[in-house]
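This report concerns only the one structure given below.
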Amino acid sequence: AEKLKKDTSEIIKKLMSLGVMATKNEELEKTSIELIANDYGVTVEEEEIVDQLDIELYEDPDDDPDKLEERAPVVTIMGHVDHGKTTLLDGIRKTKVTDTEAGGITQHIGAYQVEENGKKVTFLDTPGHAAFTTMRARGAQATDITILVVAADDGVMPQTVEALNHAKAAEVPIIVAVNKMDKENANPDRVMQELTEYQLVPEAWGGETIFVNVSAVKGDGIDELLEMILLVAEVEELKANPAKRAQGTVVEAELDKGRGPVATLLVQGGTMNVGDPVVVGNTYGRVRAMTNEVGRRVKNAGPSTPVEITGLNGVPEAGDQFLVFADEKKAKQIGEGRANRAKEAERKQTSRVSLDDLFHQIQEGEIKEINIIIKADVQGSVEAVRGSLEKIDVAGVKVNIIHTGVGAITESDVILASASNAIVIGFNVRPGANAKRTAEVEDVDIRLHRVIYNAIEEIEAAMKGLLDPEY
Ligand code: GDP
């Protein structure tokens with residue numbers, strides 16, 4: 001309204017006539033904006049906003065090598081269930097969290113920092129590889145070193161192998177902590193023997209993997225373990241630039257009854273300050289308060305430091321990236337843009353027809369007609385496929401052929417399918433490169449066949465819910 005120099009109420013009325021119920025603070029979809037502007041003879045141009053959060057953050061190409069400083073290693077503990085991951089994390093925390101002055105009570109914020117020989121080590125406090133992999137799947141590479149815990153009385157177990165494979169896939173160095181050494185039947189040699197099968201060969205046997213014997217309950221070996229972590233960290237030459245706006249990854253987040261959205265962030269580059277405008281995943285805000293792992297208020301947090309923050313407008317997800325902005329307006333703009341895109345993507349996802357989901361959508365009453373586009377190599381085949389498909393009638397749902405043609409599946413076929421929520425069937429033809437790309441972007445289901453009977457059967461099976469899901 002401001003840009004068009006019109007009354008807000010007038011615009012709202014126009015929107016209502018278009019079937020859009022909007023309030024005056026609401027963000028509109030592009031098509032609605034275009035329709036309204038068109039009405040007033042105004043052309044709409046979209047302002048290009050660079051969303052830095054979509055760019056790989058951690059390896060900032062602008063980071064001047066002179067500004068890089070040593071940073072603490074970030075460590076994740078993985079291993080088989082009951083081998084002592086939680087006990088080890090608790091043991092390290094109890095004996096090593098430095099901030100022990102009066103009033104400091106350790107809190108579970110998802111990560112903590114300890115000190116050994118004057119150097120810091122950061123532990124991610126969610127044991128197990130599920131958290132590690134979820135974060136990695138979301139593009140976050142937050143771990144520098146993995147501690148693989150193996151119980152000396154139990155040896156290598158299925159989740160031990162899973163965990164080491166996850167660490168290897170992420171190219172994260174592994175230190176083996178052979179735990180429960182206090183037990184009578186502890187057999188560390190067996191653990192070493194078993195792990196050589198997975199290319200984790202101890203140094204004593206000519207390999208490169210560090211093994212440390214520990215007892216998480218007794219606290220034995222914890223100092224040595226920390227020293228080994230620092231040794232590996234030194235080799236890895238972990239560095240970051242503390243002199244820039246903070247960036248990093250969400251470790252965990254939740255909605256607190258009193259404080260609102262609370263998120264534990266791992267600062268990976270730069271320094272975070274109270275008051276900083278920040279975008280965190282699809283949320284944004286201004287850092288209201290920052291606390292460390294003993295619940296103490298801090299004013300700033302540099303690289304490898306975990307802090308719990310409040311002040312966001314929503315709850316982000318573990319593994320989300322965050323970035324501090326120079327001004328709050330920009331943070332709001334980027335944050336809202338991200339939230340809208342996420343919403344849009346979700347909407348698209350749920351409303352698109354796909355054969356795998358067809359039965360469910362029919363049952364839910366979401367569709368009464370299935371729109372189909374047929375492309376084939378010869379006209380005879382087009383007619384044959386059309387004839388058979390039009391005869392299908394399952395539970396009162398009709399097949400509706402909206403377009404047919406001879407030749408390859410083109411981009412325009414895919415756009416049509418996208419616009420009318422249709423499935424494309426190709427009979428002895430394939431999609432061109434552009435069509436393929438557009439289909440991926442628009443999430444259009446393309447099914448290719450060489451036998452007419454198979455094409456018919458597939459659609460029928462999908463409508464009856466008998467289709468084997470495609471993975
Ligand atoms: P997680 O599933 O890997 O997190 O394993 P937990 O830390 O929950 O430990 C599983 C069980 O092993 C608990 O009963 C612990 O008390 C016990 N445990 C852990 N570490 C040790 C250890 O060093 N020695 C002995 N004897 N028991 C341990």
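Every condition in (1) farther than 29 Å from Glu115 by Cα; (2) assigned to a loop (DSSP other than H, G, I, E, B); (3) among the polar types (S, T, N, Q) holds for Gln333 except the one numbered (2). What about Ala253, is it away from the ligand (no atom under 16 Å from the Cβ) and out of contact with any Lys or Arg (no Cβ under 9 Å at 6 or more places or on another chain)? Yes: the conditions hold for Ala253. Taking Glu383, is it touching a strand residue (DSSP E or B) at 6+ places or on another chain (Cβ under 7 Å) and of a type in the set (Asp, Glu)? The answer is no for Glu383.
Identification of strands (runs of 3 or more DSSP E) wholly contained in the stretch 372-453 with 1 or more residues that are open to solvent by 50 Å² or more (accessible area, probe 1.4 Å) yields 397-406, 446-449.
Just to verify a result, which residue in the stretch 153-190, among those that are open to solvent by 60 Å² or more (accessible area, probe 1.4 Å) and among the acidic types (Asp, Glu), is nearest to the ligand (Cβ to nearest atom)? Looking at the filtered set, the residue picked out is Asp182.
Restricted to the stretch 1-31, and to residues there that are among the hydroxyl-bearing types (Ser, Thr, Tyr) and farther than 30 Å from Val278 by Cβ, the residue that is modelled with the lowest pLDDT is Thr31.
The rows are residues; the columns are (1) surrounded by 12 or more Cβ atoms within 10 Å (Cβ to Cβ); (2) of a type in the set (Gly, Ala, Ser); (3) in contact (Cβ under 8 Å) with a residue 40 or more places away in the chain.
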| site | (1), (2), (3) |
| --- | --- |
| Ala1 | yes, yes, no |
| Leu4 | yes, no, no |
| Lys14 | yes, no, no |
| Met21 | no, no, no |
| Leu35 | yes, no, no |
| Gly41 | no, yes, no |
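Under the condition of being in contact with a Phe, Trp or Tyr (Cβ under 9 Å, 6 or more places away or on another chain) and not in a loop (DSSP other than H, G, I, E, B), the residues counted in the stretch 241-265 number 7. Pick from the stretch 275-327 the residues that are in a loop (DSSP other than H, G, I, E, B) and on the phi > 0 side of the Ramachandran plot: which of them is nearest to the chain's Cα centre (by Cα)? By that ranking, first place goes to Gly319. Looking across the stretch 220-235 at every residue that is open to solvent by 40 Å² or more (accessible area, probe 1.4 Å) and within 16 Å of the ligand (Cβ to nearest atom), the one that is nearest to Asp82 (Cα to Cα) is identified as Asp220.
On the given criteria, is Gly311 open to solvent by 10 Å² or more (accessible area, probe 1.4 Å), touching a Lys or Arg at 6+ places or on another chain (Cβ under 8 Å) and at pLDDT 85 or above? Here the answer is yes, as Gly311 does meet what is asked. Number of residues in the stretch 204-231 that are without any contact (Cβ under 8 Å) to a residue 40 or more places away in the chain and closer than 13 Å to Ile174 by Cα: the value is 7. Screening Ile55 against (1) closer than 24 Å to Val278 by Cβ; (2) at pLDDT below 90; (3) surrounded by 16 or more Cβ atoms within 10 Å (Cβ to Cβ) leaves a single unmet condition, (3). Between Val287, Val278, Val274, the distinction of being more than 26 Å from Glu115 (Cβ to Cβ) and at pLDDT 95 or above belongs to Val278 only. Here are Val150, Val201, Val217: which of them is within 16 Å of the ligand (Cβ to nearest atom), farther than 30 Å from Gln268 by Cα and among the aliphatic types (A, V, I, L, M)? Among Val150, Val201, Val217, only Val217 is within 16 Å of the ligand (Cβ to nearest atom), farther than 30 Å from Gln268 by Cα and among the aliphatic types (A, V, I, L, M). The single condition among (1) touching a helix residue (DSSP H, G or I) at 6+ places or on another chain (Cβ under 8 Å); (2) over 30 Å from Thr310 (Cα atoms) that Asn241 does not satisfy is (2).
The values are calculated or read from the model by the stated rules, or taken from the named source; none is laboratory data. Please read these numbers as outputs of a predicted model, since none were measured by experiment. All Cβ positions, glycine included, derive from the backbone under ideal geometry; neighbour counts span all protein chains shown. Remember, those area values only see protein heavy atoms, side chains included, never the ligands or the DNA or RNA. Shrake-Rupley method; radii C 1.70, N 1.55, O 1.52, S 1.80 Å.
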